[in-house]
Amino acid sequence: MKKYYLTVRDTFSASHVIPGHPKCGNMHGHNYKVEVVFEALKNPDKENGMIVDFGILKEIVQSITQKRLDHKHLNDIIPAASAENIAEYIYLGVTKELIDRNLTNRVCIYEVRIWETDRFSVSFRNL
């Protein structure tokens, strides 16, 4: 089988606090960048040449980033709102959406990467 990876990028703005951290223990915010990489579990459809329409994947990612996280205080949603835990939260939310939309026979999440700044990111994979 050929191997395909589909990527959706999005952004959201939110505040958080890292308790006990000398600098980040104060409330502050970021303009987060998010990349969700989906691994194809089948070859593209013979009729339309696609595995999953990018528009559907965008809706799924934004159901988490835009509807749950954008312009929110992340500690109200994710108690320890580090970049690591935000990445895992997005992974779990997107995975549930894939299940709910019966797409788990087509794609799974390969990786979620969160950029807190242009220089610092974390990626999460559930191996």
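Among the residues of the range 13-46, the one identified as free of Cβ contacts under 8 Å to residues at least 12 places away in the same chain and surrounded by 14 or more Cβ atoms within 10 Å (Cβ to Cβ) is Cys24.
What strands (runs of 3 or more DSSP E), lying completely within the range 14-127, carry at least 3 residues that are within 20 Å of Lys3 (Cβ to Cβ)?
Numbers: elements: 28-40, 107-115, 121-124.
Result: 28-40, 107-115.
The residue that is nearest to Tyr110 (Cα to Cα), among those in the range 65-85 that are at pLDDT 95 or above, aliphatic (A, V, I, L, M) and out of contact with any Phe, Trp or Tyr (no Cβ under 8 Å at 6 or more places or on another chain), is Ala81.
Please specify each residue of the range 70-91 satisfying the condition of being in contact (Cβ under 8 Å) with a residue 24 or more places away in the chain and more than 19 Å from Asn126 (Cβ to Cβ). Selection gives Asp70, His71, Lys72, His73, Leu74, Asn75, Ala81. If you filter the range 85-109 down to residues that are in contact with a Ser or Thr (Cβ under 9 Å, 6 or more places away or on another chain) and among the hydrophobic types (A, V, I, L, M, F, W, C), you find that the one that is farthest from Glu59 (Cα to Cα) is Ala87. Cβ-Cβ contacts under 9 Å between residues 6 or more apart (or on different chains), taken from a first residue in the range 93-108 that is closer than 15 Å to Val37 by Cα to a second residue that is among the small types (Gly, Ala, Ser) and crowded, with 17+ Cβ neighbours inside 10 Å, are listed as Arg106/Ala40; Val107/Ala40; Cys108/Ala40.
Mind telling me which of the residues Ala81, Ala87 ends up being in contact with a helix residue (DSSP H, G or I) (Cβ under 7 Å, 6 or more places away or on another chain), surrounded by 14 or more Cβ atoms within 10 Å (Cβ to Cβ) and closer than 28 Å to His21 by Cα? Working first, answer last.
Values: Ala87 fails: in contact with a helix residue (DSSP H, G or I) (Cβ under 7 Å, 6 or more places away or on another chain).
Just a single option satisfies the conditions, and that option is Ala81.
Scanning the range 7-58 for residues that are modelled with pLDDT under 95 and among the aromatic types (Phe, Trp, Tyr) yields a count of 0.
The values are calculated or read from the model by the stated rules, or taken from the named source; none is laboratory data. Everything quoted here is computed from the prediction, not taken from an experiment. Positions of Cβ are backbone-derived with ideal geometry, glycine not excepted, and every protein chain shown enters the neighbour counts.
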